[in-house]
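Here the structure is laid out as structure tokens; the discussion comes afterwards.
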Amino acid sequence: MTKAITVSGLHKSFGGTHALDGLDLDVETGEVHGFLGPNGAGKSTTIRVLLGLLRADSGALRLLGGDPWSDAVELHRKVAYVPGDVTLWRNLSGGEVIDLYGRLRGGLDTQRRAELIERFELDPTKKGRTYSKGNRQKVALVAAFAAADVDLLILDEPTSGLDPLMEEVFQAYVREAARERGQTVLLSSHILSEVEELCDRVSIIRKGRTVESGSLADLRHLTRTSVNAELADAPDGLGGLGGLPGVHALSVDGHRVRLQVDTDKLDAVLRSLTASGVRSLTSTPPTLEELFLRHYQEDGSSGAAAVAR
Amino acid sequence: MTTLAGTGPLVRFALRRDRLMIPLWISLVALTLITSPRTLKGIYSTPADRADLLATMRTNSSLRALYGPALSDSLGGLAVWRVGAWGALFAGAMSLLIVVRHTRDEEESGRQEMVSAAMVGRRAPLTAALLTALVANATVALLIAAGMTVTAGDGFAGALALGLATGGTGMVFATLAAIVAQFTESARLARGVSAGLLGAAFVLRAAGDAGTADASSPLTWASPIGWLENVRAYAGERWWVLLLFVAAVAAQGAVAYALTGRRDVGMSFLPSRPGPAAGRLGSAGALAWRLQRGAVIGWSLSFLASGAALGGVTAGATDLVGDNQATRRMIERMGGQSGLTDAFLSAMVGLLGMVAALYVVQSVLRMHGEETSGRAEPVLTGAVGRVRWASGHLVIAFAGAVLIMLLGGLGLAAGYGHGLGPILGACLVQLPAIWTLGGLAVLLYGATPRAAMAAWGVAGAVLLLGWLGPALKVPQSVMDLSPFGHLPKLPGGGMAWSPVVLLTVVAVGCVGAGVAGVRRRDTAG
């Protein structure tokens with residue numbers, strides 16, 4: 001599989017602030033790639049470098065096989081972009097803006113345009129100022145999804161302001177883009193259910209660096225599973241379980257045991273539990289929220305505490 | 001009074017936000033007036049000179065149209081004649097900018113919603129904007145009253161009358177802008193319309209003064225700037241005329257208040273109509289034209305009209321000047337070379353050129369507005385190179401200057417009645433200087449986008465220098481800083497190619513360097 005985007009060791013600073021500090025990002029062709037990180041982590045800066053709006057200080061960058069800065073115009077024929085905060089011209093109608101964006105890229109599929117306007121319930125005759133935030137997002141989304149010859153969609157928090165129904169519509173079109181139209185999607189988002197639902201792989205960045213990258217299953221593996229069991233025999237103190245590697249936050253209350261365990265050490269814990277006779281057992285894989293909190297927290301200890309909650 | 005809740009903090013906030021802008025404007029208005037007596041003393045040093053001048057102004061309607069009537073031969077009176085109307089014009093501009101900035105601008109950007117959601121009454125933002133304007137205008141009035149007392153040395157009464165009339169004119173346009181801003185949804189349009197009304201007040205005064213020597217024409221009385229003349233500072237002050245300012249401010253303020261109580265935040269009385277569901281715009285250039293065409297049409301019409309008006313007074317310019325050397329010299333320093341009519345026409349063409357530079361700067365800086373508002377970003381992420389994007393705006397700016405200068409020349413020739421060819425030629429000769437100022441704006445925007453707005457300052461300084469410099473005996477070395485100072489004086493003078501070519505080269509170089517900056521630097525957003 002070829003890569004739609006490769007970024008390695010990307011640095012970008014503004015005056016004294018180091019916005020990107022050696023960031024890496026790999027997006028395979030045809031996948032939906034989640035791009036996550038706390039506010040100010042450098043997501044939008046990365047995207048603006050990829051779009052040739054900002055010039056990288058250093059680092060290797062390829063976008064659809066070209067250089068995002070020097071080949072910007074050629075590349076942009078094949079790229080559609082939706083920013084998180086769409087600003088429109090006050091005296092142009094939404095329909096005019098959609099058509100303008102379309103023509104500035106490789107053209108617009110008029111049938112899809114009509115369908116998208118209907119599905120997103122957008123009134124294209126209203127003028128810039130009169131749209132709400134959600135409706136301004138829709139204008140950019142319609143233009144991006146209706147673009148005729150686009151290989152890559154770069155979406156920077158595209159659903160901010162959309163209602164849950166429209167969120168559904170959005171997800172349907174992202175899925176269609178990836179599965180039926182063969183487009184690659186880079187999706188920056190804070191809506192974790194959206195990421196969980198749509199993304200094949202994710203990259204998590206913090207303070208301008210990539211801290212984690214891989215499929216959601218891979219990432220889950222790196223964190224802890226919560227285990228809650230009721231045993232036939234009261235466990236023999238905390239010694240047996242507490243001595244196992246990878247066990248955290250163990251608490252024993254009569255026959256009940258609660259603990260967190262590193263997911264790759266789960267097997268040994270279960271063996272130990274079944275030895276005491278399991279009456280009931282719930283095991284919860286880490287949610288994406290926990291995964292996030294772990295990475296978003298400032299340091300490792302508070303991250304563990306967050307997972308333990 | 002709950003509709004006024006929060007006014008106090010809003011005024012402090014406005015003054016804090018404008019801590020640079022308001023003092024700069026106040027200095028401009030006050031210093032224009034306060035510094036003039038000293039220079040005028042140098043030019044009209046003897047009683048004979050002054051009597052001469054008064055005689056000229058009584059008889060020459062064209063010069064009256066440009067500068068206003070001379071009502072007294074005291075130093076203060078000369079200052080009122082020479083720069084009084086300009087002080088009023090600046091005070092008006094300052095006031096309308098303050099009010100639009102703190103009312104419609106806030107609503108358009110959505111910031112007003114945050115503020116209004118706090119403990120802030122419905123009428124508090126308008127009140128705060130008007131009070132901020134009042135603070136600025138009161139400061140102007142005090143500075144002029146104190147400063148002119150010192151520099152003119154003709155007593156306190158005249159200085160006070162001039163200060164109050166200048167501040168009063170400012171407040172008339174503050175309250176007028178408060179009304180205009182409620183009829184438009186965009187701050188840009190509110191500023192444009194208010195500035196147009198200010199310009200109209202200046203033109204009304206000019207038309208009235210062309211007809212009468214003592215500012216008694218009904219046209220003059222119809223203009224707040226004419227009221228300033230009729231206060232007759234230093235010429236037997238008529239204090240009751242100041243009541244006109246009070247009445248106008250009260251009436252317009254009442255209308256603005258009534259309107260603001262009936263309006264939704266962010267909405268205007270002229271709501272936007274629906275647009276087409278599909279559009280024909282297909283390129284960055286077409287978009288640039290769509291965004292700027294309103295301004296181009298507005299500038300074109302006003303250049304045609306101003307040209308015609310200036311042409312209309314040209315015929316009277318040479319009447320009865322006779323042997324008056326002072327007047328002749330003044331017209332010549334304004335830009336004329338030989339033959340008073342030609343000299344006058346040449347001065348008018350130069351004036352049009354300096355104002356056209358404001359158009360070019362405004363048009364070039366539209367790019368800056370597009371970029372900082374984030375609207376350039378989706379265009380640049382299309383298959384549009386930065387140079388293509390910029391060139392759309394640049395063509396409109398630089399070719400637009402050609403258009404409006406030709407229209408201004410057409411109006412001038414039509415108003416004057418003959419000389420179309422030479423006048424159009426003279427208008428075209430202004431272009432290299434206009435382009436140089438536009439090129440400077442491109443350079444500032446491209447290389448140092450944070451300082452782009454400084455282009456306004458440069459264009460404004462050049463205009464001020466060109467207009468007031470000749471009568472204020474500004475040293476030639478300073479006059480030479482203006483690109484317009486180097487152009488051949490046409491019609492009438494001999495054509496000189498070298499400054500024209502040289503300035504064109506400078507302009508092209510600035511544009512090239514600026515565009516190179518746009519290509520190389522990060523895009524703001």
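The values are calculated or read from the model by the stated rules, or taken from the named source; none is laboratory data. On a predicted model such as this, the values are computed, not experimentally measured, just so you know. Note that each Cβ is placed from the backbone with ideal geometry, even for glycine, and that neighbours are counted across all protein chains shown. Surface accessibility is based on the protein's heavy atoms, side chains included, excluding ligands, DNA and RNA. Shrake-Rupley method; radii C 1.70, N 1.55, O 1.52, S 1.80 Å.
I'd like the full set of residues that are assigned to a loop (DSSP other than H, G, I, E, B), on the phi < 0 side of the Ramachandran plot and touching a Gly at 6+ places or on another chain (Cβ under 9 Å), limited to the range B:2-48. Can you show your working first?
Going through the range B:2-48, the residues assigned to a loop (DSSP other than H, G, I, E, B) turn out to be B:5-6, B:18-20, B:35, B:44-46.
Now drop any that are not on the phi < 0 side of the Ramachandran plot, which leaves B:5, B:18-20, B:35, B:44-46.
The answer is B:ALA5, B:THR35.
This table checks each residue for (1) β-branched (Val, Ile, Thr); (2) more than 17 Å from the chain's Cα centre (by Cα); (3) surrounded by fewer than 20 Cβ atoms within 10 Å (Cβ to Cβ); (4) not assigned by TED's automatic domain parsing to the domain that holds B:ALA201.
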| position | (1), (2), (3), (4) |
| --- | --- |
| B:ALA51 | no, yes, yes, no |
| B:ASN60 | no, yes, no, no |
| B:GLY77 | no, yes, no, no |
| B:PHE90 | no, no, no, no |
| B:VAL99 | yes, no, no, no |
| B:GLU106 | no, yes, no, no |
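Are any residues in the range A:1-36 part of a loop (DSSP other than H, G, I, E, B) and touching a Ser or Thr at 6+ places or on another chain (Cβ under 8 Å), and if so, which ones? Spell out how you get there, then give the answer.
First, pick out the residues of the range A:1-36 that are part of a loop (DSSP other than H, G, I, E, B): A:1-2, A:15-16, A:29-31.
Once the filter is applied, which keeps residues that are part of a loop (DSSP other than H, G, I, E, B) and touching a Ser or Thr at 6+ places or on another chain (Cβ under 8 Å), the range A:1-36 yields A:MET1, A:THR2, A:THR29, A:GLY30, A:GLU31.
Which condition does B:MET267 not pass, out of (1) closer than 30 Å to B:PHE398 by Cα; (2) open to solvent by 50 Å² or more (accessible area, probe 1.4 Å), if it passes all the others?
Every condition holds for B:MET267 apart from (1).
Here is a yes/no grid of residues against (1) under 25 Å from A:ILE98 (Cβ atoms); (2) open to solvent by 70 Å² or more (accessible area, probe 1.4 Å); (3) more than 10 Å from every other protein chain (Cβ to nearest Cβ); (4) not basic (Lys, Arg):
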residue	(1), (2), (3), (4)
B:ARG263	no, no, yes, no
B:GLY275	yes, no, no, yes
B:GLY279	yes, no, no, yes
B:GLY282	yes, no, no, yes
B:GLY285	yes, no, yes, yes
B:VAL296	no, no, yes, yes
B:LEU301	no, yes, yes, yes
B:GLY307	no, no, yes, yes
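Considering only the range A:93-114, state which residues are buried (at least 23 other Cβ atoms within 10 Å of the Cβ), under 20 Å from A:ASP151 (Cβ atoms) and charged (D, E, K, R).
Selection gives A:ARG105 alone.
If only one of B:GLY439, B:GLY419 is in the same structural domain as B:GLY311 (by TED's automatic domain parsing), within 21 Å of B:LEU487 (Cα to Cα), open to solvent by 10 Å² or more (accessible area, probe 1.4 Å) and over 19 Å from the mean Cα position of the chain (by Cα), which one is it? Can you show your working first?
On the way: B:GLY439 fails: open to solvent by 10 Å² or more (accessible area, probe 1.4 Å).
Only one candidate qualifies: B:GLY419.
Somewhere in the range B:349-366, is a residue within 14 Å of chain A (Cβ to nearest Cβ) and either assigned to a helix (DSSP H, G or I) or farther than 24 Å from A:LEU92 by Cβ (or both)? Give the steps one after another, and end with the answer.
Of the residues in the range B:349-366, the ones within 14 Å of chain A (Cβ to nearest Cβ) are B:366.
Filter again for either assigned to a helix (DSSP H, G or I) or farther than 24 Å from A:LEU92 by Cβ (or both), leaving B:366.
There is at least one residue in the range B:349-366 that is within 14 Å of chain A (Cβ to nearest Cβ) and either assigned to a helix (DSSP H, G or I) or farther than 24 Å from A:LEU92 by Cβ (or both).
Right, B:ASP209: open to solvent by 50 Å² or more (accessible area, probe 1.4 Å) and away from chain A (no Cβ under 14 Å) or not?
No.
Please tell me if B:VAL100 is away from chain A (no Cβ under 14 Å), within 18 Å of B:ILE34 (Cβ to Cβ) and in contact (Cβ under 8 Å) with a residue 40 or more places away in the chain. Reasoning before the result, please.
On the way: away from chain A (no Cβ under 14 Å): yes; within 18 Å of B:ILE34 (Cβ to Cβ): no; in contact (Cβ under 8 Å) with a residue 40 or more places away in the chain: yes.
In short, no.
Does any residue in the range B:378-392 that is facing chain A (nearest Cβ under 7 Å) and part of a loop (DSSP other than H, G, I, E, B) come within less than 9 Å, Cβ to Cβ, of a residue that is open to solvent by 10 Å² or more (accessible area, probe 1.4 Å) and of a type in the set (Val, Ile, Thr) six or more places away or on a different chain, and which pairs are these?
Sorted first by the residue in the range B:378-392, then by its partner, the pairs are B:GLY382/A:VAL73; B:ALA383/A:VAL73; B:VAL384/A:VAL73; B:GLY385/A:VAL73.
How about the range B:473-500: which of its residues are touching a residue at least 60 places away in the same chain (Cβ under 8 Å) and assigned to a helix (DSSP H, G or I)?
Listed by number, the residues that qualify are B:PHE484, B:PRO499, B:VAL500.
Evaluate the following for B:TRP467: is it among the aromatic types (Phe, Trp, Tyr) and within 30 Å of A:ARG55 (Cα to Cα)?
Details: among the aromatic types (Phe, Trp, Tyr): yes; within 30 Å of A:ARG55 (Cα to Cα): no.
Spelling it out, it is not the case that B:TRP467 is among the aromatic types (Phe, Trp, Tyr) and within 30 Å of A:ARG55 (Cα to Cα).
Hand me the list of helices (runs of 4 or more DSSP H) wholly inside the range A:160-224 holding 2 or more residues that are over 10 Å from the mean Cα position of the chain (by Cα). Break it down into steps so the answer makes sense when it comes.
Working: elements: A:164-179, A:192-198, A:216-221.
By residue number, A:164-179, A:216-221.
How many residues does the range B:489-503 contain that are within 25 Å of the chain's Cα centre (by Cα) and either within 14 Å of another protein chain (Cβ to nearest Cβ) or not charged (D, E, K, R) (or both)?
Here is the first cut: in the range B:489-503, the ones within 25 Å of the chain's Cα centre (by Cα) are B:489-490, B:503.
Keeping just the survivors that are either within 14 Å of another protein chain (Cβ to nearest Cβ) or not charged (D, E, K, R) (or both) gives B:490, B:503.
Residues that pass the stated criteria total 2.
Only one of these is at pLDDT below 85 and crowded, with 19+ Cβ neighbours inside 10 Å: A:LEU219, A:LEU244, A:LEU192, A:LEU250. Name it. Don't jump to the end; show me each part of the working.
Working: A:LEU244 fails: crowded, with 19+ Cβ neighbours inside 10 Å; A:LEU192 fails: crowded, with 19+ Cβ neighbours inside 10 Å; A:LEU250 fails: crowded, with 19+ Cβ neighbours inside 10 Å.
It is A:LEU219.
Here are the criteria: (1) modelled with pLDDT under 80; (2) more than 35 Å from the chain's Cα centre (by Cα). Tell me which single one A:GLU230 does not satisfy.
In the conditions (1) modelled with pLDDT under 80; (2) more than 35 Å from the chain's Cα centre (by Cα), A:GLU230 misses (1) alone.
Quick check on my filter: what residues within the range A:93-126 are farther than 25 Å from A:ILE47 by Cβ, at the interface with chain B (Cβ under 7 Å from one of its Cβ atoms) and not small (Gly, Ala, Ser)? Give the steps one after another, and end with the answer.
In the first step, residues of the range A:93-126 are kept if they are farther than 25 Å from A:ILE47 by Cβ; the result is A:93, A:95-96, A:110-111, A:114-115, A:117-119, A:121, A:123-126.
If we keep only those that are at the interface with chain B (Cβ under 7 Å from one of its Cβ atoms) too, we end up with A:93, A:95-96, A:124-126.
Scanning the range A:93-126 gives A:GLU96, A:PRO124, A:THR125, A:LYS126.
From A:ARG77, A:ARG129, A:ARG55, A:ARG90, which residue is in contact with an Asp or Glu (Cβ under 9 Å, 6 or more places away or on another chain), open to solvent by 20 Å² or more (accessible area, probe 1.4 Å), within 30 Å of A:VAL211 (Cβ to Cβ) and within 7 Å of chain B (Cβ to nearest Cβ)?
Details: A:ARG77 fails: within 30 Å of A:VAL211 (Cβ to Cβ); A:ARG129 fails: within 30 Å of A:VAL211 (Cβ to Cβ); A:ARG90 fails: within 30 Å of A:VAL211 (Cβ to Cβ).
Going through A:ARG77, A:ARG129, A:ARG55, A:ARG90 in turn, the sole match is A:ARG55.
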